[in-house]
Structure formats: C-alpha cells, structure tokens
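What follows is calculated from the coordinates using simple rules that are stated; it is not laboratory data. Since the model is a prediction, treat every value here as computed from it, not as a measurement. Here the Cβ positions follow ideal geometry from the backbone for every residue, glycine too, while neighbour counts run over all protein chains shown.
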Amino acid sequence: MQVEKVTLQIAVVGGGSVGLLYAARLARHGQAVTVVTRSSPQSNQLMQNGLTYHRLDGTTESVAIGAQPIANGLPHASLYLLSVKQTDLPDLLPLLRDLPADARVLALQNGLGHEELLAQVLTQRQCYFAINTEGARRLSPTEVMHTGSGLLRIGPWTGMGAADPVIAAFATVAQQSGMQAVVEESIKPFAWRKLMANALINPLTALYDVPNGSLLENRHTLELMRELFSEASAVAAANGQKMGEADWQEIVTICRNTSRNLSSMLQDVKRQKRTEVESINGYLVAKGREAGIPTPLHEVLLRLILLKTDMSRGKAGGDSR
C-alpha cells in the first residue's frame, strides 16, 4: 500500500553539522526546507551552489536548498528545528517570542537547561524536544557528511496527553526521509540519557583529539568512561532518573555506531569556538553540588575543556580571560 506523502514548511535554524544533515535529508525527499544561517556568506553559498551531502553508503549528491541569514529574522514555517548550540539559544529568544501560536519548535540541543530557557518565550504547546544520535560532520559551509546512523526521539518535555498534529506529521516526514524517528510521551528521561552519553564521549574526544570510536579501543579511556558514568548516575538518581547497565551499554553502542564521528565538542575546539561543556558536564557538576554528590572527574573535565578553549581562543586573539 502506498503511503501518502506529507509536506511541511520546515525552517532549520543553524547551519552546523546537525542542521545541514537534517536539511539535506529532508530536502532530498521533497520537503520545503529553509536553512537559517549565522552568516550571509553561508546562506548565499547554499542558495547558489546547493548543499553537498555525503551519504553513509559513500555516495555524494547535491541538494537544492533554501537559505537565509538570521539577520533577516525567521522565515514563515510550520516547524522550526533549532539545531544551534545551546550557547547560542539566548540570542534567538527574542525571535522565538514572536512566533505565531500555531508554529511548533523542535529543540535539538545537547545537555540540559535549554528547556528552561525556551519556556521563557514559548508555551508548552509550542515547544517540543528531540534527542538525536545521528553522526554528522560539517566539511564546509555547504558540505555535510553523514558519519553514523542513529535514532531521533521527539516529544514534549513532559507528557501532555494528545499528540500534536504538526509533530506527528514531522515524525512521518522524517520516516519517509529514511530516518528512524519515534514520538515519545515525554522526552525528559531520554534527554538525561543523552546528557550521560555526551558527558562521557564529547570531552574525552575533545581532549585527546580522536573520533568517538577510538574511546572504545583503549582500556584506559574505557575505564575512565565507566567511572564518569558512575558519578553521573548518582547525580541522575538524585534527580529522579535511574541509570543502570542497559544505559551504559547504550552509550557504548552510540560510541560504536558513530565511531567515525568527530564529536561536536571536538569540532568546536578545532574551530576555536566556545563548547557546550558547561551545559553538559557543568550541568552534572552543578546538580551534584545541589544534591551533595561529589563529581570530581566531571569537574576536572569541565575545567580542562574550558582551559583548552580559552587557551586556543587566546592564541587566536580572542578572549583568554
């Protein structure tokens, strides 16, 4: 039986690796997609040259895409995929505040804390969240490589009862575009599990300058990941989220499935950009302090990544603080 094709107007806010990956996969299957970029040069290049998409099977194709700079505001859309870093969200809040009530926002940020930021300007009915475990690498402002398969979980932060029609339609669109998309009643527990994975994988890859899979190849990094998991699990438990052996194995699986991927934190360090370590390991450290739970390993990683970033930006003439 032929499945009826669903079409949405989708704005992908952010021209980084995740944003370009989702834009490419959606647009190549006939969806109306506009990428909202930080800079005018990137949006101009995307409009003129299209988006080069390197698929998992090794093939490459050029995808026609709409694009505009954030300086022009947000385009009209039924769904806005927020693929910017959590550190960039505060600058978007004034624009999100003016969205019509029937528009939906789907936030793809790593770490935790963004749900509190978005609640300042969006109603619970407008705002949804996604947990992405796909691997992607931006090769240039107009070129993205799909580096690992994964799952896209979509849902409200906490359960709201009836499913939203726009979010349900997007899940169908994502599935039609070849993604593994699942709608959940509440995304909060999955956000905690993604936080755990990010806290174990991202800072270690950034410090050692290795792809995700390399962490599983060395006994010392594997043991360190296990100790980091133990610390984070205690903090999660204090916040009502129980983590066990199945969750540890899921992190190992994510690491293996994205073995070729350079974590977003490593990519940020390489580009001398501010990382999301404060909303990942820093979040665990802060919640640990609130609960009286020591997190010395996560605190060391937090300080090391902040130091590495500051030293790198200082050498480049940035703020060395």
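Look at the alpha carbon pairs under 8 Å that are at least 6 residues apart: their mean separation over the length of the chain gives a relative contact order of 15 percent. Can you give the translational diffusion coefficient of the chain in µm²/s, computed by Stokes-Einstein from the Kirkwood radius over Cα pairs at 10 °C and 1.306 mPa s? Calculated translational D: 79 µm²/s. Centroid-to-centroid, using Cα positions, segment 90-161 and segment 235-313 are 19 Å apart.
Note on Met311 and Asn218: the extension gain reaches 30.8 nm, defined as 0.36 nm multiplied by sequence separation minus the Cα-Cα distance.
Using alpha carbon centroids, what distance separates segment 2-80 and segment 176-230, in Å? About 26 Å separates the Cα centre of segment 2-80 from the one of segment 176-230.
What the pair-distance distribution of segment 9-185 shows, using all Cα-Cα distances binned every 5 Å from zero, is 1, 9, 18, 23, 22, 16, 8, 2, 0 percent. For segment 267-303, the set of trypsin sites (Lys or Arg not before Pro) satisfying both a DSSP loop assignment and a count of at most 13 other C-beta atoms within 10 Å is given as Arg271.
Put a dot 7 Å past the Cα of Leu139, heading toward its Cβ, do the same for Ser39, and the two dots end up 1.9 nm apart.
What helices does the chain hold that run 27 Å or longer along their axis, going by alpha-carbon atoms, with a Kyte-Doolittle average of -0.5 or more, using DSSP H for the helix calls? Qualifying helices: 188-208, 219-238, 296-315. Between His146, His298, His29, the residue with the greatest mean-square fluctuation in the GNM of the chain (Cα pairs under 10 Å linked by springs) is His29. With 24 Å as the limit, the listed pairs Lys188/Lys242; Lys188/Lys287; Lys242/Lys273; Lys194/Lys287; Lys188/Lys273; Lys242/Lys308 have Lys242/Lys273; Lys188/Lys273; Lys242/Lys308 beyond it between alpha carbons.
Peptides 54-63, 182-191 ordered by packing proxy, namely the average of other Cβ atoms within 10 Å per residue, highest first: 182-191, 54-63. From its DSSP helices (H runs of at least four residues, each -39,500 (n - 2.57)), the chain gives a residue-normalised ellipticity at 222 nm of -13500 deg cm²/dmol.
Looking at segment 190-314, the pairs of alpha carbons with a distance over 20 Å make up 39% of the total.
Only Lys, Arg, Asp and Glu carry charge here, each on its Cβ (+1 for the first two, -1 for the last two); on that basis the chain has a dipole of about 560 debye about its Cα centre. The DSSP beta bridges internal to the chain are antiparallel in roughly 35% of cases. When the convex hull of its Cα atoms is viewed from all sides, segment 50-127 shows a mean projected area of 6.6 nm².
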